[in-house]
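The values are calculated or read from the model by the stated rules, or taken from the named source; none is laboratory data. Just so we're clear, the structure is a prediction, and the values are computed from it rather than from any experiment. Counting neighbours? That spans all protein chains shown, and the Cβs are built from the backbone with ideal geometry, glycine included.
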Amino acid sequence: MIAFFEALFNPSMPFVRNALVAGLLSSVLFGILGTVVTVKRIAGLAGAISHAVLGGIGMALYLSATNILPNLPPIAGAIVFAVLAALIIGIVSMKARQREDTVINAIWAIGMSIGVLFMAKTPGYTDPSSYLFGNILLISTRDLALLGILDVVVVLLVWRFYPQLEATSFDNEFAQVKGLSTNAVFLILLIVTAIAVVLLQTFVGIVMVIAMLTLPAGTAGFSAKNMIGMMVLAWLYSSLFSVGGLVAGWNFDLPVGAMVVVLAGAVFLSFSFFRLLKTRRKKSLQPPEQSPGEANA
């Protein structure tokens with residue numbers, strides 16, 4: 001613990017401070033978007049988008065290295081692929097429910113495969129694992145600025161359209177009867193989630209983004225009374241997991257992203273276990289049901 005705080009205030013180690021700020025900024029997105037993803041039960045869609053991002057990253061690296069599009073940043077290709085994947089999955093989900101799973105799995109596999117193929121042909125050595133698992137200690141000031149901007153945008157959107165978001169999340173058919181454009185809300189949600197995934201993959205990596213979009217929100221769901229409460233709790237849990245994982249990863253010389261997810265998973269499983277025990281205890285305290293014959297006697 002002491003070693004981490006010494007590094008945090010060391011002027012020669014700005015990357016540690018950047019990592020801490022990145023964790024806190026990311027927690028806002030994990031809390032808000034994670035709640036919506038969990039409540040709407042679209043974790044599979046978010047997972048497909050997060051993995052399709054690798055295709056855009058690989059293509060951008062190839063185009064930049066071969067001077068076809070010099071200095072093209074990987075994040076540009078990632079955003080394009082993420083938004084395209086979100087639109088394709090969203091449209092298919094709305095128009096052809098029976099083929100939704102097939103399209104989700106196809107986007108998931110094709111996106112990753114395209115990324116691996118382009119990386120294989122990119123001059124020099126490109127390690128896909130750096131994008132799959134991330135490294136928060138390498139986050140830049142530009143990444144922090146983008147995360148901050150996206151935080152503001154997401155908070156403003158939720159504040160402005162919270163009633164519509166809540167209605168479409170819990171009862172889509174009722175929202176349609178009330179005249180809400182549920183399809184538009186759904187597509188906007190997927191696009192915002194896709195862009196967030198691109199930025200968040202720098203923190204915990206593509207593979208682990210989906211875990212942090214579901215575990216803090218899932219933990220918050222055990223005690224939250226409404227959707228806004230769940231968002232706030234998920235944000236707080238995400239902040240605790242992010243800071244705790246960063247401190248533990250630094251002190252024990254372990255990958256920070258993996259530590260964050262392990263910590264979040266351990267807390268979620270603990271909450272689930274205690275909820276199960278509580279439920280069983282309540283059932284054991286209830287008197288046994290009597291048969292009609294016993295009641296008449």
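If the condition is being in contact with a Leu (Cβ under 8 Å, 6 or more places away or on another chain) and not in a helix (DSSP H, G or I), then the range 66-95 contributes L69, L72.
Here is a yes/no grid of residues against (1) assigned to a loop (DSSP other than H, G, I, E, B); (2) in contact with a helix residue (DSSP H, G or I) (Cβ under 9 Å, 6 or more places away or on another chain):
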position: A248; (1), (2): no, yes
position: L254; (1), (2): yes, yes
position: G257; (1), (2): no, yes
position: V260; (1), (2): no, yes
position: F268; (1), (2): no, yes
position: F274; (1), (2): no, no
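Residues that are surrounded by fewer than 24 Cβ atoms within 10 Å (Cβ to Cβ) and of a type in the set (A, V, I, L, M, F, W, C) were ranked within the range 49-66; the one that is farthest from I91 (Cα to Cα) is A65.
Just one residue in the set T38, T102 is buried (at least 22 other Cβ atoms within 10 Å of the Cβ) and in a helix (DSSP H, G or I); that residue is T38. Of all residues in the range 4-23, those being touching a residue at least 12 places away in the same chain (Cβ under 8 Å), touching a helix residue (DSSP H, G or I) at 6+ places or on another chain (Cβ under 6 Å) and hydrophobic (A, V, I, L, M, F, W, C) number 8. Between V243, V177, the distinction of being among the hydrophobic types (A, V, I, L, M, F, W, C) and touching a residue at least 60 places away in the same chain (Cβ under 8 Å) belongs to V243 only. Of L132, L146, L137, all but one fail to be under 18 Å from the mean Cα position of the chain (by Cα), over 18 Å from T193 (Cβ atoms) and part of a helix (DSSP H, G or I); the exception is L132.
Residue count for the range 238-264 satisfying the condition of being among the aromatic types (F, W, Y) and either more than 15 Å from the chain's Cα centre (by Cα) or under 18 Å from L132 (Cα atoms) (or both): 2. For the range 148-194, the candidate set comprises residues that are over 27 Å from S26 (Cα atoms) and of a type in the set (A, V, I, L, M); within that set, the residue that is surrounded by the fewest Cβ atoms within 10 Å (Cβ to Cβ) is V177.
For the subset of the range 276-292 comprising residues that are in a loop (DSSP other than H, G, I, E, B) and among the polar types (S, T, N, Q), which member is modelled with the highest pLDDT? Per the stated criteria, the residue is Q286. Taken together, A175, A196 contain a single residue that is modelled with pLDDT of 85 or more, part of a helix (DSSP H, G or I) and of a type outside the set (F, W, Y), which is A196. Of all residues in the range 58-79, those satisfying the criterion of being under 25 Å from N105 (Cβ atoms) and within 18 Å of the chain's Cα centre (by Cα) are A78, I79.
Screening G249, G257 for residues that are at pLDDT below 90, under 17 Å from V209 (Cα atoms) and crowded, with 17+ Cβ neighbours inside 10 Å leaves exactly one candidate, G257.
Return yes when T126 is outside any helix (DSSP H, G or I), surrounded by 14 or more Cβ atoms within 10 Å (Cβ to Cβ) and either of a type in the set (S, T, Y) or at pLDDT 90 or above (or both) and no when it is not. So T126 fits the description; yes.
Taking V192 as the residue in question, decide whether it is out of contact with any strand residue (DSSP E or B) (no Cβ under 8 Å at 6 or more places or on another chain) and under 23 Å from I104 (Cα atoms).
Yes: the conditions hold for V192.
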